[in-house]
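The values are calculated or read from the model by the stated rules, or taken from the named source; none is laboratory data. The model shown is predicted, which means the values in this text are computed figures rather than measured ones. Here the Cβ positions follow ideal geometry from the backbone for every residue, glycine too, while neighbour counts run over all protein chains shown.
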Amino acid sequence: MPGKLRLIDRRSLILLLGLLLSVGFFATTLFGYFVSREAIRSAIIGQDLPLTASNIYSEIQKDLVRPVLISSTMAHDTFLRDWVLGGERDVRAMARYLQEVKIRHKAFSSFFVSEKSTNYYTGDGILKQVSPSEPRDVWYYRVRKMSDDYEINVDPDLANRDALTIFINYRVFDFDNRYIGATGIGLTVDSVRRLIREYQARFKRTIYFTDASGRVVLQGDQAPVSNLRQRPGLAVQLDAILKQGGGMYQFVDEGDNHILNVNYLPELQWYLFVEQNEDVALAGVRQTLYINLVISLLVTLIVTWLCYITLGHYQSRIEKMASTDKLTGLLNRHAFGILIDKLIASYRRNPRPISFLIADIDHFKAVNDGYGHRVGDRVLVQVAAALRAQLREADFAVRWGGEEFLLVLAGCTAEEAHSVAEKLRQAVAESIPCAEWQELRVTISIGVSEFDGEETPDQAIGRADNALYVVKQGGRNGVAMAAASA
Ligand SMILES: Nc1nc2c(ncn2[C@@H]2O[C@H](COP(=O)(O)OP(=O)(O)OP(=O)(O)O)[C@@H](O)[C@H]2O)c(=O)[nH]1
């Protein structure tokens, strides 16, 4: 029973250790995760998105603001206005002018459309005449009516292969402020698109430009939608965002939280949207969290397993030390108490004979006195070894007293135990217990009893002891069977 109790103690200890380690690891891993998540979140809000926005902004300024200035210069150019007012006579002069502008500013095209003649002039001369019924000329009739000085028109139809083409359409007035046509240049915004693509690929950010209505006018490869009002999470706050003209926002789209940085570009009357899907940004830390949890679990399992093995090892060593006689290696009386209880319990369930042998070395005092205690000890060890040699698996031998031994033979009747005792007696008598003292011989006397099921084990051993006494009285070196219990 104490052994079982100790086992339960060991299991509880290991469970407690495992629990403590798991809770500790789990708490630190989770704490680390939340700290990293907050750090990433504040970096997205405080640095990443504003920085991306300002980089894109300066790139778009470089790509678009300059062309607006060029178009403005063209619209206010006295040559152009004088040439129109002079009756648009020398087409080649206008073509040269437009060609020059195009080459000097590396534009994709340069143009002037006259209100009076409806001619569409380019660097090559008259391209065509614009007409209100021609869908491709719709832009001109829009520009003609608009109140602003210019518009920026992203024209996908005129895309030059993969390159997106943008036209700056600038209204031209004569010196009396009468509308006389529209001029400007067409250009590609490849560098902006390249930058957008790069940011999107590297940081998994979505970048696009919208006009004041929320329509997407410029994007990398793909904007989430062509109009932001199609995104329910964003649509509800879109008007407020566009009205405020920029800031940091959040919205939920398809279950994911998105952080949004919006900037208004007054030069273009566009809004720059830089958006980060927070769940995508946190995928890395979340993966690290899972890996950490798995590592923590493995470490916990390994540590608890090692502790379980080590504790078991030391426990069995301590148990062995506590239950064994140091000199002979036989069991001591404490161990006997545990084992005999088990044996008797199994006898109660399934009665099988149990025999006891009490063996005592004859005249051992004389050995000690004659050869010294060291030799006496060696004799004890040798006799113990001879006893152990007779044991089967279910049997056990106990150092019962100084030079007295008890053998418990399970499944052995008194008759069988008697013959075992006789063999033992002979073996000891014939052995040389100490190699240094070849002439030294010892004998043993043995009393044998069989447990009758009615008595206690102590009583059966007492009967064997009485039989031993009889052998001693009879001259020693013999075996005697105990009398039946009274
Ligand atoms: N060397 C040694 N001697 C021991 C040990 N334990 C007990 N003894 C001695 O064993 C001797 C036992 O002597 P007695 O009880 O008189 O018995 P005996 O001399 O064997 O005589 P009988 O039993 O009558 O044959 C004592 O002198 C004890 O001191 C031990 O561990 N080592």
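Tabulated values for the structure
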{"item": "Filtered residue count, region 152-210, keeping only those that are surrounded by fewer than 16 Cβ atoms within 10 Å (Cβ to Cβ), small (G, A, S) and modelled with pLDDT of 80 or more", "result": "1"}
{"item": "Wholly within region 164-225, strands (runs of 3 or more DSSP E) carrying at least 1 residues that are of a type in the set (S, T, Y) and in contact with a strand residue (DSSP E or B) (Cβ under 9 Å, 6 or more places away or on another chain)", "result": "165-173, 179-188, 205-210"}
{"item": "Residue match in region 464-482 (condition: assigned by TED's automatic domain parsing to the domain that holds S355, part of a helix (DSSP H, G or I) and within 21 Å of R352 (Cα to Cα))", "result": "yes"}
{"item": "Search result, residues across region 395-435 that are among the β-branched types (V, I, T) and under 60 Å from the mean Cα position of the chain (by Cα)", "result": "V398, V408"}
{"item": "Test: residue in region 36-46 that is surrounded by 12 or more Cβ atoms within 10 Å (Cβ to Cβ), closer than 30 Å to F209 by Cα and over 26 Å from the mean Cα position of the chain (by Cα)", "result": "yes"}
{"item": "Some residue of region 11-23 being in a helix (DSSP H, G or I), modelled with pLDDT under 90 and of a type in the set (S, T, Y)", "result": "yes"}
{"item": "Test for L343: is it among the aliphatic types (A, V, I, L, M) and assigned by TED's automatic domain parsing to the domain that holds I446", "result": "yes"}
{"item": "Residue in region 401-424 that is under 16 Å from L330 (Cβ atoms) and of a type in the set (G, A, S) present", "result": "yes"}
